[in-house]
Amino acid sequence: MGACVRQQRGLDALKPYVPGTPIEEVQREYGLTDVIKLASNENPLGTSPKALAAIKDTLNKLNLYPDGQSYYLRQALAEYLDVDIAQVTVGNGADGIIMQTGMAYLDEHSELVVSQSSFPVYDIYTNVMRARLIKTPLKDDYSLDLEAMAAAITERTKVVIICNPNNPTGTIVTAGAVEAFMAEVPDHVLVVFDEAYYELVDEGFPSDVYPDTLRYVREGRENVLVMRTFSKVYGLAGIRLGYAIGMPETLAPINRVKEPFAVNLLAQAAGVAALEDQAFLEQTVAANHAGRLYLYAQFERLGLNYVRSHTNFILLELGPRADEVQQRLLEQGVIVRPCGGYDLCDFLRVTVGSQAQNARFIETLERVLAQMKN
């Protein structure tokens, strides 16, 4: 027999991303009919009604290829964000843009700096491109340590990714910290701000606390890329639509490696319509804020530690038995996210659901914790 065909070297270090357990899988495995999923940070209010209407109006065009340039979607985003259309690109979810950024900027001679306990998709595409992955520790309050990230930059560093708010901790880095960090970053390093949850940043904070990273693009900095998504506040996770803002020179390599029709016809129509649905966005933000406060109060009543969040999820500390709690919740039809894959083995990540879902989660959690004491 001849030699076997071997996979490329970058895959040897790759740990595949494991998404939240699907409802249907739990129903099959445990014989349940009533299952709630609080593991994937999905919008419990559903989808933007205007986006849904646009999808329905587009269904009779599915025999046609989508616009490969996504012109009308990019134009709508440019107007919404007050940037030039040449400064906007769109992708198959923010994940798609992360993949394209890795393909465009990383190789075996480069390094990427990211925080420990952040979105694992960064790790995947760094390893695929055979670049060196540099991770810095979190601060004591579970926020990213930008000083440590700046100190980790070398001549080989090509990309730094700042997840803000961070997934899975829900914490933010402030405008002042970002400004100090950017003053230290050399021009050869691309700084990617992943702002998938930026609309949900706690409105109780002063408006100048959360950084306006688009300012760097408007000022013409070619080493800044800002990523956002339609998945969360607009409830469009199922059609995969993300976007990024950067200088045309920054976006050019990213667009060069994009697949020809990365954003499908329905996603383009839905994105344009969603940007006009301010009422749904505001409803989502308000419901999420109320749900966070409810869960905070219940965790405090139960004597559980948690990390205050600027997202639609909360990091809950349960100690060495966190995985057991997660499994027992699963067996009772409540899906939450274990955090061992984020190097936070004592924690679970819980999506803020509807009020009924939140109440059921707390009731089930309280019952599970009582059973584990006996």
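Bear in mind these aren't lab numbers, they're just calculated from the coordinates by the rules spelled out. Fair warning: this is a prediction, and the values are worked out from it, not measured in the lab. Here Cβ is always computed from backbone atoms with ideal geometry, including for glycine, and neighbour counts include all displayed protein chains.
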Does the stretch 198-343 classify as rounded, prolate or oblate by the C-alpha gyration tensor (a ≥ b ≥ c root eigenvalues; a/c under 1.5 gives rounded; else a/b over b/c gives prolate, otherwise oblate)?
prolate
Residue-averaged [θ]222 nm for the chain, counting only DSSP H segments that reach four residues, each worth -39500 (n - 2.57)
-11500 deg cm²/dmol
Rounded, prolate or oblate (a/c below 1.5 giving rounded, otherwise prolate when a/b exceeds b/c) for the stretch 135-273 by Cα gyration tensor:
oblate
Compute for the stretch 29-80: radius of gyration divided by Kirkwood radius, i.e. Rg/Rh, restricted to C-alpha atoms, rounded to two decimals.
1.15
Of all beta bridges DSSP finds with both residues in the chain, what is the antiparallel percent, to the nearest 5?
45 percent
For Lys158, which aspartates and glutamates qualify as cross-link partners when the Cα separation must be under 15 Å and same-chain residues fewer than eight apart are set aside?
Asp107, Glu108, Glu111, Asp123, Glu184, Asp187, Glu222
Computed for the stretch 49-276: size of charge dipole around the Cα centre, +1 on C-beta of each Lys and Arg, -1 on C-beta of each Asp and Glu, debye to nearest 20, value 880 debye
Going by amide H atoms built from the backbone, whose H comes under 5 Å of the H on Arg132, apart from near neighbours?
Ser110, Glu111, Leu112
Ordered by residue, what ³J(HN,Hα) values in Hz, to whole numbers, does the stretch 214-220 give under the Karplus form 6.51 cos²θ - 1.76 cosθ + 1.60, where θ = phi - 60° and Gly and Pro are x?
4, 4, 5, 5, 4, 7, x
For the stretch 118-132, take each phi angle, set θ = phi - 60°, evaluate the Karplus expression 6.51 cos²θ - 1.76 cosθ + 1.60, and give the result in whole Hz per residue in order, putting x for glycine and proline.
10, 4, x, 5, 4, 4, 4, 7, 5, 5, 4, 7, 6, 7, 8
Once the piece of chain linking Glu219 and Leu281 is laid out straight, how much longer is it, given 0.36 nm per residue of separation minus the C-alpha distance between them?
19.5 nm
Which length gain, in nm to one decimal place, applies between Ile85 and Glu25 when the Cα-Cα distance is subtracted from 0.36 nm times their residue separation?
17.4 nm
The farthest towards the positive end of the charge dipole of the stretch 147-251, of the residues Asn223, Gly238, Tyr197, given +1 on Cβ of Lys and Arg and -1 on Cβ of Asp and Glu, is Gly238
Would you mind classifying the stretch 1-122 by shape? Square roots of the alpha carbon gyration tensor eigenvalues, ordered a ≥ b ≥ c; an a/c under 1.5 is rounded, otherwise it is prolate if a/b is larger than b/c and oblate if not.
oblate
Sorting His188, His289 on the 10 Å Cβ count, fewest up front, what's the list?
His188, His289
Residue of Phe261, Phe119, Phe193 that the Gaussian network model of the chain assigns the largest fluctuation, springs spanning Cα pairs under 10 Å
Phe261
Which entry is the computed semi-axes √(5λ) of the Cα gyration tensor in Å for this structure: (1) 32, 26, 23; (2) 96, 24, 21; (3) 38, 23, 19?
(1)
